[in-house]
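To start, the structure under review is shown below, and the notes come after it.
The values are calculated or read from the model by the stated rules, or taken from the named source; none is laboratory data. Since the structure is predicted, the reported quantities are computational estimates derived from the model, not experimental observations. All Cβ positions, glycine included, derive from the backbone under ideal geometry; neighbour counts span all protein chains shown. These area figures cover heavy atoms from the full protein model, side chains too; ligands, DNA and RNA do not enter into them. Shrake-Rupley method; radii C 1.70, N 1.55, O 1.52, S 1.80 Å.
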Amino acid sequence: MSTQEEQANVGKVLSFLREWDRGDRTVRSRMLNTFLSQNTGKTFYELELEFAQVASLFLARLTTWMRLTYMFGTFLGLQLKAIGIFLSASGHDQYLMEFLEDGGVLTLLDILNHTETKEEEKSEALRLLLTVSNAGRKYKEIICESHGVKAIAECLAKSNTDETQEAAWALLESLSHGNPKYQNQIYKGLIALMTCTSPQAQQMVLHTLHTVQSKMKTAHHSIVDPLLYMLRSLHLEVQNQATNLILDLKCYDVRPMLLSGLVTLLRPTKEEVQQYHNMEESDIIKMTGSLPVFVQQAAAAKTIRLLAEDSQEVSRELLSLGVIQHLLYAMGNREHTDSQIQASLALKHFVRSYPVIEEHVQRGIGSTLFAAFMHQADTLYMNMDETQAELLLTNKVNITEVLDGDQPLGLDKQRPSVLNVAGAQMNPQSLHVVFKMSSRLRSAMLKGKRAGLEMVDTAKPKRKRSHTAVKDEETTNASSPSTYHAFHDPADVVLLRSQLLNWYDKEKRELPWRTLAVTESDLNIRTYAVWVSEIMLQQTQVATVIDYYIKWMKRWPTVQDLAAATLEEVNQMWAGLGYYSRGKRLHEGAQKVVSELKGQMPRTVDSLLKQLPGVGRYTAAAVGSIALGQVTGSVDGNVIRVLCRLRAIGADSTGTAVTEALWSIANTLVDPERPGDFNQAMMELGARVCTPKGPLCSQCPVHSLCHSFRKVHVKQEKNSRKLLGKLDKKPSTLPDIEDCINSGTCLLCPSEPWDDELGVQNFPRKPAKKPPRVERTLTCVVIRPGEEGEDEYLLTQRPNKGLLAGLWEFPNLLLEEKSSEMKRKKALCAQISGTLGTHLTESLFQYVGEVVHIFSHIHQTYVVHSVCLKDTDAQTQTENAQWLTRSALQEAAVSTGVKKIVKLCDSVDSQKEQTSKDGKRQTGTKNDKKPQTSKKQKSATTSGSRQLSLSSFFNTVKQES
């Protein structure tokens, strides 16, 4: 580069820095966006070349500005991303050192601690700290010395988003591999985190603790109580992680505390049980049908079994703590099936391992019950009556006395068969009587076989098992929904796919996004187009979306086109579609794709979920299957309804158990050859046939596989036969319907009885909606004469977050119940006067009428007034206000509420003009009293039946959020 070029480049950089120093928020925001789009992914040497060897000057400005403004949220996300370009630049650590010298780490930690920091900003700050941590051991020490572990831990515990939690977890993992001097600090911080309420956070904490614990020479005693408490988690992943950590800790000095605690959990106290019985609104009880202490009891039994199988020394210690008596007690707990199963399996291990245990247990519970136990330990609860359960609950078996008496506990190497255990009098015929089951139980066993369930092999004791075997058994024994609610027969799955897709091919609606998904060969454009359609279709009907989608894709056909647009343009295009944060998220996602992903849309469901803001589990699955052909189910509101009716799932459809079951079913059913078409067919079926009210069951292509449809028809035939008096004369043409065998404890069965009048509409069940919040807002339409003779309207912009974020509206003020009308009008008058920098009087305000607008969660009433100014020089004094002509208003980003207000004003003006012509009433009254509203005016106010000058613009009033 010549000297002249160098000087020109230096001049360019100095001009850039001067513009930054003198610029306001808008200028700096624009400069940051430009910097991000042009420099993402550059190396240290490329940045130095770009900034004439003085890039550090801009980094210093960014760091300083961030420290000064982070509490006010001024483009903090953009600042953090810009700093990230410097810190991640490969080739040199100069920027990193300068950032640290300017107090960058302390500022990032302050951002994490600040209560007003947004979740996405916390995620970005955590990623920067991770970049610092990964740079080397000395950088990890700086974070730890700055008390960073506490701030990061609190982020992991209190965050509301998966992205922030995962970023905090990754940072803690990175720090744990640093200086051993700080490992104890991290270790104690993780222990403190175990009490957090987020299951995902708990799982991450346990995973990291597993890593850190392996490097520690000892285990802190404070880990015991929270670890045992985690065994009552309803999330199996958390339970399993806790169990695995307990298995790791058996080699440390906290083992006696852990073993004693586990044995104690097998027998919950009356106070613990009563505490939950008294909770009328316990979400846990509603979700599981069981008490948390019983969930913990079952997990403790399983953990005890795994510990005993893994170590004979631990097994003996458990015996000395009286584990046998406690296991028998848990076996008798008929309130929780899983406790009985896990306790039986644990006891079975001890009985098979120690002959003396077998002898005492058999004598303590009796030969008949003991024989049944040895024959099939994991299904003993199915044959147990109240007397036998009471016997187990009150057992007096005390193996500790045997231990005190030095009676040998040698391993039994040659076990007699099950038939010999109870003595010669127990022949096979008598055992058959003991194990005789009801027809319902036998049916359930057969169903279990058909579903491929494996019974526990009791012929041989297993001394040592692989990790895979342990995991399989945990899956089998875990409390799970009945197969009645699943598609366990492969033939049924194949039949449903065939029938549904054949129907879809004949009956599907031709929609623009479907056509584009089929005809577009460019994978990037296809993914973008489907993504846009899925975001628009959230909470919005198909008929409403079609026109918006066509206009959107015509204006921004690629993700690059959308990224180059302004948020104002996006809001303008989105106006009237409702739920405005969706458009903002699309815009943010497009900019992220262009700036961070090099313009390439994510190619997998996981990357869609992680990398695009506003994309949740359903949207990622829908886009992945339709645009990318990924084999994954997709569950939206329509699919929830279809699956709940197909499999008679009647529990709360918003609950965790039902949600996970529905996703599991959807993933089972999805056609691997046509995943996108299959998911769209399920949605089409729910939208057009299996509707919320008035479902067309006779037109359903898969009604032969529907439990709800079958249940309705069986009940109808029974009622008909009973009415005709033929109940005992003629057999039913339909076999009796099978119900869930676990009804009453099943997580998916309805808690309310079947209602014959509802039929298939018994499913799904949803919680009662909260009534919308009622609000009244005083609104004023301020008008001034324009320079070209056209009236202009004053509009103000809403905040960038919250309801109707970033949209333009007429000046307004939320009414408080206790304030008088005069005070309200005076306050609004002062607000408008401040905006215009002039003095207005309340007498100028003319009452127009009221407009009712319903949001999803707010019942809003706008009390509308108008003010006509004569001064054409009235100027706005704030940056979030502007004057718009009627033609400009047609193109502005305004909400449906604004459209309704304009329609009301047009209607009232029209009536005044007509009245003036007829000589019945004079217009332009200046009194402040509300005129009597005629029936004609009320009709125009509420129904919007008349539209004049803006009929082409305000054509359809849509309900929005």
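Scoring Glu48 on the criteria (1) in a helix (DSSP H, G or I); (2) open to solvent by less than 60 Å² (accessible area, probe 1.4 Å); (3) in contact (Cβ under 8 Å) with a residue 12 or more places away in the chain leaves a single failure, condition (3). If the condition is being closer than 16 Å to Val397 by Cα, among the small types (Gly, Ala, Ser) and modelled with pLDDT of 85 or more, then the stretch 338-383 contributes Ala343, Ser344, Ala346. Candidates are the residues of the stretch 538-551 that are open to solvent by less than 40 Å² (accessible area, probe 1.4 Å) and of a type outside the set (Val, Ile, Thr); the one that is modelled with the highest pLDDT is Tyr549. So in the stretch 504-522, with the set limited to residues that are assigned to a helix (DSSP H, G or I) and under 32 Å from the mean Cα position of the chain (by Cα), which one is surrounded by the most Cβ atoms within 10 Å (Cβ to Cβ)? It comes out as Trp513. Scanning the stretch 13-35 for residues that are surrounded by 13 or more Cβ atoms within 10 Å (Cβ to Cβ), more than 40 Å from the chain's Cα centre (by Cα) and among the charged types (D, E, K, R) turns up just one, Glu19.
Quick check on Thr164: is it assigned to a helix (DSSP H, G or I), out of contact with any strand residue (DSSP E or B) (no Cβ under 7 Å at 6 or more places or on another chain) and hydroxyl-bearing (Ser, Thr, Tyr)? Yes, satisfied.
For the stretch 706-723, name all the residues that are under 20 Å from Ile649 (Cα atoms) and either without any contact (Cβ under 8 Å) to a residue 60 or more places away in the chain or open to solvent by less than 20 Å² (accessible area, probe 1.4 Å) (or both). It would help to see each step written out before you state the result.
First, the residues of the stretch 706-723 that are under 20 Å from Ile649 (Cα atoms): 706-715.
Matches in the stretch 706-723: Cys706, Ser708, Arg710, Val712, His713, Val714, Lys715.
In the stretch 184-199, what residues are assigned to a helix (DSSP H, G or I) and surrounded by 18 or more Cβ atoms within 10 Å (Cβ to Cβ)?
Ile186, Tyr187, Gly189, Leu190, Ile191, Leu193
Listed by first and then second residue, the pairs with beta-carbon distance under 8 Å, at least 6 apart or on different chains, first residue in the stretch 567-582 and over 13 Å from Ser895 (Cα atoms), second among the polar types (S, T, N, Q) and open to solvent by less than 60 Å² (accessible area, probe 1.4 Å), are Arg582/Gln538.
Across the stretch 594-607, the qualifying residues are those that are in contact (Cβ under 8 Å) with a residue 40 or more places away in the chain and part of a helix (DSSP H, G or I), and the one among them that is most open to solvent (accessible area, probe 1.4 Å) is Glu596.
Listed here are the residues, each with its yes/no results for (1) in a strand (DSSP E or B); (2) within 28 Å of Thr515 (Cα to Cα); (3) out of contact with any strand residue (DSSP E or B) (no Cβ under 6 Å at 6 or more places or on another chain); (4) open to solvent by less than 20 Å² (accessible area, probe 1.4 Å).
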residue: Asn638; (1), (2), (3), (4): no, yes, yes, no
residue: Cys644; (1), (2), (3), (4): no, no, yes, yes
residue: Gly650; (1), (2), (3), (4): no, no, no, yes
residue: Thr654; (1), (2), (3), (4): no, no, yes, no
residue: Ala657; (1), (2), (3), (4): no, no, yes, no
residue: Glu660; (1), (2), (3), (4): no, no, yes, no
residue: Ser664; (1), (2), (3), (4): no, no, yes, no
residue: Thr668; (1), (2), (3), (4): no, yes, yes, no
residue: Gly676; (1), (2), (3), (4): no, yes, yes, yes
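For the stretch 236-264, enumerate the residues that are under 25 Å from Gly655 (Cα atoms), open to solvent by 60 Å² or more (accessible area, probe 1.4 Å) and touching a residue at least 60 places away in the same chain (Cβ under 8 Å). Hit for the stretch 236-264 is Leu236, nothing else. Where helices (runs of 4 or more DSSP H) fall wholly inside the stretch 306-408, the ranges with 2 or more residues that are among the polar types (S, T, N, Q) are 312-320, 337-353, 367-375, 386-393. Selection of the stretch 313-335 for residues being touching a Ser or Thr at 6+ places or on another chain (Cβ under 8 Å) and open to solvent by 50 Å² or more (accessible area, probe 1.4 Å) yields Ser320, Leu321, Glu335. Close Cβ contacts (under 6 Å, 6 or more residues apart or on different chains) running from residues in the stretch 632-644 that are acidic (Asp, Glu) to residues that are in a helix (DSSP H, G or I) comprise Asp636/Tyr618. Applying the set (1) exposed (fewer than 15 other Cβ atoms within 10 Å of the Cβ); (2) touching a residue at least 40 places away in the same chain (Cβ under 8 Å); (3) acidic (Asp, Glu) to Asp93 leaves exactly one unmet item: (1).
For the structure I just gave you, tell me whether Arg776 is modelled with pLDDT of 80 or more, in contact with a strand residue (DSSP E or B) (Cβ under 6 Å, 6 or more places away or on another chain) and more than 21 Å from Thr841 (Cα to Cα).
Yes; evaluated as a whole, the condition is true for this residue.
Suppose we filter the stretch 639-690 for residues that are within 20 Å of Val623 (Cβ to Cβ) and hydroxyl-bearing (Ser, Thr, Tyr); how many remain? The qualifying residues number 1. Of all the residues in the stretch 64-90, those that are open to solvent by less than 60 Å² (accessible area, probe 1.4 Å) and within 27 Å of the chain's Cα centre (by Cα) number 5. Screening Leu100 against (1) open to solvent by less than 20 Å² (accessible area, probe 1.4 Å); (2) over 32 Å from the mean Cα position of the chain (by Cα); (3) of a type in the set (A, V, I, L, M, F, W, C) leaves a single unmet condition, (1).
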